[in-house]
Amino acid sequence: MDSHILNASGCLDPLAAPDVARTLDIVVTKTITPEPRAGNPPVRIAETEHGMINSIGLQGPGIEAFVGDSLPRLARLGVPVWVSVGGFAASDYARCCAALDGDDRVAAIELNLSCPNVEEAPETAAELVAAARAATSTPLYAKLSPAQWDIAASARKVVAAGADGLSLVNTIRGLAFDPATLRPRLVRGVGGYSGPGLRPIALACVHACAAAVDVPIVGMGGVWSGRDALELLAAGASAVALGTVLFADPHAPDRIRSELAAERAAVGTEQTPTRARKLLSH
Amino acid sequence: MRTERLAVRGNEAVGPYALVRLARGGLDPGQPGQFFMLEAPGRVLPRPFSLCLAGTGELAFLVDPVGHGTRAISALARGDAIRVTGPLGHGFDLSVRRPLLVGGGIGVAPFPYLSQALGGPPALLGFRTAHHAEAASLVPNAEVVLDPTLVTEALPDDPGDVLACGPEPMLDALARVVPGAQLAREAPMACGYGACYGCVVPREGGYVRLCIEGPVVMANGTGEGA
């Protein structure tokens, strides 16, 4: 079975790069919030030795403009669309999910429960999932932060609250200094760390959650090659999402897909992961 | 948008800068002021560069080795190959009647190609030192000023249609004196094609992506380049 390759939310604008979007099996939007957001002031990104940090701050048009303007154009790409939604309270998640409920242009909704660059909602991840679940029957993927001691426990709670699948993992908070001034390079100070340095952390999270819950997992975090993708699948992911590598190489989806096929063939079918669940997607 | 692996044809020092020449492959040189993302060997992210020269079958980039990525790119040698994506963004609007190129430091990078497209217009270039000013040899009809003289102090009374590229303070100062100027701006950029939202600049109470709306923008904030 071919494993789906997605983009990680916030790592591709399918409307700005439709040719890249069409090389993916599913496109995931940048996180949409109820109201429009300007995002954080620049400087927003900095490269580090083994990755990068970003503090974009959920810049976006708000759910109404998204549904009215972006979604019709996304639907015309001919690639299934998952919409990432976020907010600052359970009611924000419910409002976005209600606006997308029953819309056949939306194959699934990913709940960004773990943006490291904005204020956190006061509710727990499970409470946010429950609020979203009450607002929609569309498949829900809960995107969890790797910055927790027992991510398997979180996985059980969000699945019990109604999540149909998991997206693992979001970025983890990191800091980078300017070499000359020893001041933070990002205006907001910390940002979300992504790229190759996140890979072993993502593997551990996918591995722990796959043992804890029986739902499909989209694995992501520093995937740079077909081998990296295969390892996430071996850890229990059903599909793989590409993030930072898309910034470095717009052709990464095709390259990683063919590398993955070759790696699978080389490793042999008896080693091919069998746990993988089919993605739940309308 | 095209991405190709391009072979390095040569690398020459121009003052403190490196002029890195790549075999063009199937990439289009694009409009002057547009940019390319160049792989920086050993680094996670590529780096943005405007095209400096489009010799036959070549794309050449002027690189100031100031950080990890730019040092890796300026160390490239014949026989190496790097991934290159482009051309990207909006370049200069070339429908100008009396062009004057105004640049500072590594900001002269897009001018050789731009000057060619405009038939060798006058240029006013500012540099920190005489060593840096060796880059002026790449730009025809250039008048050079050295630190502490500022290009804004050397501007003619009626500068005409200003097309500029240089450090932020220089561009901001120019924008105040010549509101109609076209400015090629710079920002930290992860992807160069609208994916990362890292390179935003303020506009109309919000932020726009410089890689999509620019890198050439109008000084008075209206519209965009070509």
- Query: Quick one: net charge of A:L186's neighbours, Cβ under 12 Å, K/R +1, D/E -1?
  - Reply: +3
- Note on the structure: Shape descriptor, chain A: equivalent ellipsoid semi-axes (Cα gyration tensor, sqrt 5λ, whole Å, largest first) stand at 25, 23, 19
- Given the options A:G57, A:G86, A:G243, state which has the largest fluctuation in a GNM of chain A using a 10 Å cut-off (strictly under) for Cα springs. A:G57
- Task: For a label point 7 Å from the Cα of A:A261 along Cα→C-beta, name the residues of segment A:20-44 whose backbone N is under 20 Å from it.
- Result: A:20-27
- Task: For segment A:202-246, state the semi-axes of the equivalent ellipsoid (square roots of 5 times the eigenvalues of the alpha-carbon gyration tensor), sorted largest first and rounded to whole angstrom.
- Result: 18, 9, 8
- Rg(Cα) of the protein assembly as shown divided by 2.2 N^0.38 Å? 1.02
- Over all alpha-carbon pairs of segment B:79-144, lay out the pair-distance distribution in 10 Å bins, whole %, shortest bin first. 19, 44, 27, 9, 0
- Message: I need the per residue convex hull volume for segment B:3-88, using only the alpha carbons, in cubic angstrom as a whole number.
- Response: 83
- What list of whole percents do you get for P(r) of segment B:99-218, with Cα-Cα distances grouped in 5 Å bins up to the one holding the largest distance? 2, 12, 21, 22, 18, 13, 9, 3, 0
- Task: Determine, at each q value in 0.08, 0.16 (inverse angstroms), the log₁₀ of I(q)/I(0) that the Debye formula gives when each Cα of chain B is one equal point scatterer.
- Result: -0.26, -1.09
- Quick one: if the Förster radius is 30 Å, what FRET efficiency do B:V96 and B:A130 give, using the C-beta to C-beta distance and rounding to 0.05? 0.50
- Query: Expressed as a whole number of Å, what is the distance separating the alpha-carbon centroids of segment B:192-212 and segment A:59-109?
  - Reply: 21
- Summing -39500 (n - 2.57) over every DSSP H run of at least 4 residues in chain B and dividing by its residue count gives a helix-only mean residue ellipticity at 222 nm, to the nearest 500 deg cm²/dmol, of -3500 deg cm²/dmol
- Note on the structure: GNM on chain A, Cα springs under 10 Å; top mean-square fluctuation among A:A16, A:A121, A:A153 goes to A:A16
- Message: Over chain B, with a Gaussian network built from C-alpha contacts below 10 Å, which listed residue (B:L155, B:L59, B:L100) shows the highest mean-square fluctuation?
- Response: B:L155
- Task: Take the alpha carbon atoms of segment A:135-282, find their radius of gyration, then divide it by 2.2 N^0.38 Å using N residues; give the quotient.
- Result: 1.13
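No lab work stands behind these numbers, since they all come straight from the coordinates. It should be emphasised that the depicted structure is a prediction, and the values quoted were computed from it without experimental measurement. Cβ atoms come from the backbone with ideal geometry, glycine included; neighbour counts cover every protein chain shown.
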